[in-house]
1. Got a sec? Which helices (runs of 4 or more DSSP H) wholly within segment A:254-363 have at least 2 residues that are aliphatic (A, V, I, L, M), without any contact (Cβ under 8 Å) to a residue 60 or more places away in the chain and not assigned by TED's automatic domain parsing to the domain that holds A:Gly91?
2. Report whether or not B:Val287 is touching a residue at least 60 places away in the same chain (Cβ under 8 Å) and either crowded, with 19+ Cβ neighbours inside 10 Å or touching a Ser or Thr at 6+ places or on another chain (Cβ under 8 Å) (or both).
3. Does segment A:449-461 contain any residue that is at pLDDT below 85, among the aliphatic types (A, V, I, L, M), assigned by TED's automatic domain parsing to the domain that holds A:Ala224 and part of a helix (DSSP H, G or I)?
4. Report yes if A:Ser155 is more than 24 Å from the chain's Cα centre (by Cα) and either in contact (Cβ under 8 Å) with a residue 40 or more places away in the chain or closer than 14 Å to A:Ala61 by Cβ (or both), otherwise no.
5. Going through segment A:386-429 one residue at a time, which ones are at pLDDT below 85 and facing chain B (nearest Cβ under 7 Å)?
6. Look at segment A:201-223 and say how many of its residues are within 10 Å of chain B (Cβ to nearest Cβ) and among the β-branched types (Val, Ile, Thr).
7. Mind checking which residues of segment B:330-353 are more than 8 Å from every other protein chain (Cβ to nearest Cβ) and buried (at least 22 other Cβ atoms within 10 Å of the Cβ)?
8. Tell me which residues, restricted to segment B:305-326, are within 12 Å of B:Tyr399 (Cβ to Cβ) and of a type outside the set (A, V, I, L, M).
Amino acid sequence: MVFASLTFLYLFLPISALLYFAWNNITYRNIVLTLVSLVFYAWGEPVWVTLLLFSSGVDWAHGLLVERFRGRWQAKAALISCLTINLGLLGAFKYGALITETLNAVLPVALPVPEVALPVGISFYTFQTISYVVDVYRGEIPAARSPLKFLLFVSLFHQLVAGPIVRYAEIAAEIDNRVHSWDGAWRGLRRFAKGLFKKVCIANVAALLVQTWLDGDLEQVGAAGAWLGLLAFALQIYFDFSGYSDMAIGMGWMFGFHYSENFDHPYVARSATDFWRRWHISLGTFFRDYVYIPLGGSRSNGMRNLFIVWGLTGLWHGASWNFVIWGLYFGLLIAAERLFLQKWLERLPKAVGHLYLLFVIMVSWAIFYSTDLQQLRLLLGTMFGAAGVGDLAGVAVALRANMFWLAAALLLCLPLTSWTLRWSDDLEVAGGWRRGLAVGGGALAALALLLAATAMLVGGTYNPFIYYRF
Amino acid sequence: MSLQPTANPWHRAASLLFVLWSAIVVVLFAQTPAGPQRAETENRDLAGLPECTVETVLSGACMGGFDAWVSDHFPFRSLFLGWSSTIEGNRGISLASDITVIKVTEADLARLERADEWAEGTGSDLAEGSGLEPGEELAAAGSGDEALLGSGEDEAAGTEGGEPRASLRAPTSAELTELEKAMEGVELPAEKAAPASGKGAVSRVAGLLVQGDRVMQVFGGSRRAAAAFASIVNGYAAALPGVRVWSVLAPTAISFHAPKGYDSSGERVNIAQINAALSSGIRRVDVVSEMLQHASEYLYFRTDHHWTGRGAYYAYAAFCRSAGLAAVPLDSMPRKVNRGFLGSLWALTRVPAVGSHPDEVEVFSPVTKVSARAYGSPISGAGRPTAWVLPNARSYGAYLGGDLPAMVATTSVKNGRKALVIKNSFGNAFATFLANNFEEVVVIDYRYFNASVADVVVERGITDVIISAGAFAANTSYHRNRIRKILFYNGPPPRMDAAQTEGSGSQAAEGSGQAPPAAAAPAVAPVAPSPEVPSPVEPAVPRAEAPAAVAPAPAAAPAPEGSAGEAP
């Protein structure tokens, strides 16, 4: 199931909440939450829900083993076995085709290319369980005794298919004991409505523009058209992904969980380093904590470690070489920034940093968008004028035909809602009628966002699911 | 509820607002009857609850079906659909004065061959409307078409088994010349010329003219072709005594939206010529004049080669005036507007400025009660129920649900009149309105119907036969041959003479060789089409059906997922 669907919004979520809040008992609530999460997953992956269960069972058992033999060689063996199984599953399901195709291309062999559909969310939940076992091994958290609670951690539908990548340590305490309040419910609903609007009313509309300008004949659209298409893609991927994270965080609030923020207005960053502190934060910290630092961080072989991390970050986004290039591209930028660029940028006016970041990000989305390397070369060429300036008149028509929407989308890239929320919180603190105004205004705004998104979903607007590759 | 008391009652109130709204929706869902239902206002069956077995659950079909059910039964659905149109329509400001030059390749041209299927949506709304898989329809229709394209062979084959009877033969060269005399002096009165629109340069490439966010087909009919079409209509009138025969030809967008300085009178002159050559017993229908009076309205899609429901309405109004019927006023019909249609001409050109500004589909439902059934050819048995109008479809398939070999609509009208519409896709939108004025409306797609129209007329007691197609089709020998052939499907082969060869060989003559007198060189210099690209007279269509019949539509349609074919 996906969040941006009428079935989820108006049947799954209300009924789950009803069952959940029907009885004030934490074990009951955990069981309900686990069961509805499995239904949620099986709705879209009726077969591969078994893989989710298998994976959870394996990791739960390994966690116990690691803890039992803590400090002895068996613990290390269990960790290695667990990593082998997890990465093996990820490799088989996600990278099998890429590996065999690459081997077939490079070596004189003709291996059969496996045709396995990628189970939704496998990259997210595999990373969650890996982080769990590693944390247990490091002695940072106790292993989960209860298989139910562990399954709840892995399968919790809020963040199962599109992140954020939640760590066990973040929510272990809340699995056992969490507080539900109307304050939390209201905060969560507000956040959820915002995320839903971002996904349905902005990302889905952007997706149509992307399709029009980037999926056709690039020579015809020329540089102007390619940049417009990439602008639309930049908006699509940001609003889709951060919208999903907003919805996950909002639902967490409603059900008493507190997930870390995953996006912090990345397009206002002033360097690639800054951007990655604001973009998909839970992925960045995962690679920092479980790959970069164990490899030695910046102390030994810093540059090597950096490129390993960025190559893997790229690869995580999809089983295709362009994603690796995309990751290494960021590795290169971040290395350059670390060596000299950051210092230069700091001396220049802030605007230069913003322009630099926006430019390198647009180029990065071109790499991200083109899963075919031939296509990538064509797109990059077109961006930089290989097909001429292109269809300026057509771009002008498209810009005019979408100008209100575009203005709204660009404004929402700024920390605008943070400002409004802060303002609204100030009003609430002031108390009295001001508090009524703040909450009442917020409620009407959130309801308007929800109804607008509902209308677009009922209207059957284009609604792609972009995480199938992750 | 067991939430903890809060220091802030406002938060509880705000949250309860959402709880209340969800609860209303859930309760309304719970009260939805599970069985199949019909939406009378939308004139279509709503999705029923899916059958869930182990197989359908494992394949996901059960869940997909449930999602469709939720979408179809969503409370306050029509209200939300209206809001969604409002939101979609106000994303920005649309102006259409910019001109783009496009390159159209041979491969692109091949795609227009499937234009009708594209425009009507090969996806869900077609299947929804007809109950047939798109490929199934074409396969059913294909064999006859293919044979027909192979010159006279099939007509010879037609003799076997059938007792000899009169056949509508092709006109001789001398007869055509005679008919052409009737066209002498047919010109457009100056005041009837369509208003020119737009500014700037225009590109005319391979028969398509792109201006800003609009694509048009360039007309290239000829006087001789007009005569040949008129002779067929005359033949129908002669063969069906006591039946009123009408010709209702649809002009295309070029007659109304040609850029300033571009001579766009060719098509209107051609239609006027056809009308002038109709025999004296046939009453004329002046579609073009009626439509010109409403030229500022949304009569043509910008992204598709068809007219809109509104455009077809004015043809219906003109027809009613000639036929002595009272046309139902436009504003008294249930009306629905669906945004987001990208039609055949967008699919062909992929001009982004066109794709960024999709069309609206305005659907009018008849004020009478209509029950339509779909048939193969000949019309026999009980048929199966099909949609007459799909008010929610975001494609030209909203009208009649697509192209079927035959359909019969029974209405609540009681006036003893029964219409038979012989049509291609242009007639679809037109035919939907006839349900307001006829007891029965039989719709036959001449491209797919392989049986005798004369038999249908006699068996069903038809009072009015209306030939309704696009003006391009009237000027294309394939289409004329089909219309001629199905009058007496199993009749003896027509006399082979000089004119007959026109049927198989004249495509080049009509299509690319002679500069048709009507489609004079545009005043604005066209972008020179590459020499190997055949020129304008819808050359696609005759070639179209054959490959389409071999390759089923889904594979052929250049479909960007989800943008055009889906009904909401």
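The values are calculated or read from the model by the stated rules, or taken from the named source; none is laboratory data. Since this is a predicted model, take the numbers as computed values, not measurements. In this analysis, Cβ positions are derived from the backbone assuming ideal geometry, glycine residues included, and neighbour counts consider all displayed protein chains.
1. The qualifying helices (runs of 4 or more DSSP H) are A:302-316, A:321-336.
2. Working: touching a residue at least 60 places away in the same chain (Cβ under 8 Å): no; either crowded, with 19+ Cβ neighbours inside 10 Å or touching a Ser or Thr at 6+ places or on another chain (Cβ under 8 Å) (or both): yes.
No, not satisfied.
3. no
4. For A:Ser155, the condition - more than 24 Å from the chain's Cα centre (by Cα) and either in contact (Cβ under 8 Å) with a residue 40 or more places away in the chain or closer than 14 Å to A:Ala61 by Cβ (or both) - is not met.
5. Once the filter is applied, which keeps residues that are at pLDDT below 85 and facing chain B (nearest Cβ under 7 Å), segment A:386-429 yields A:Asp391, A:Ala393, A:Gly394, A:Ala396, A:Val397, A:Ala398, A:Arg400, A:Ala401.
6. 3
7. Result: B:Lys336, B:Asn338, B:Phe341, B:Leu342, B:Gly343, B:Ser344, B:Leu345, B:Trp346, B:Ala347, B:Leu348, B:Thr349.
8. Correct list: B:His306, B:Trp307, B:Thr308, B:Gly309, B:Arg310, B:Gly311, B:Tyr313, B:Tyr316.
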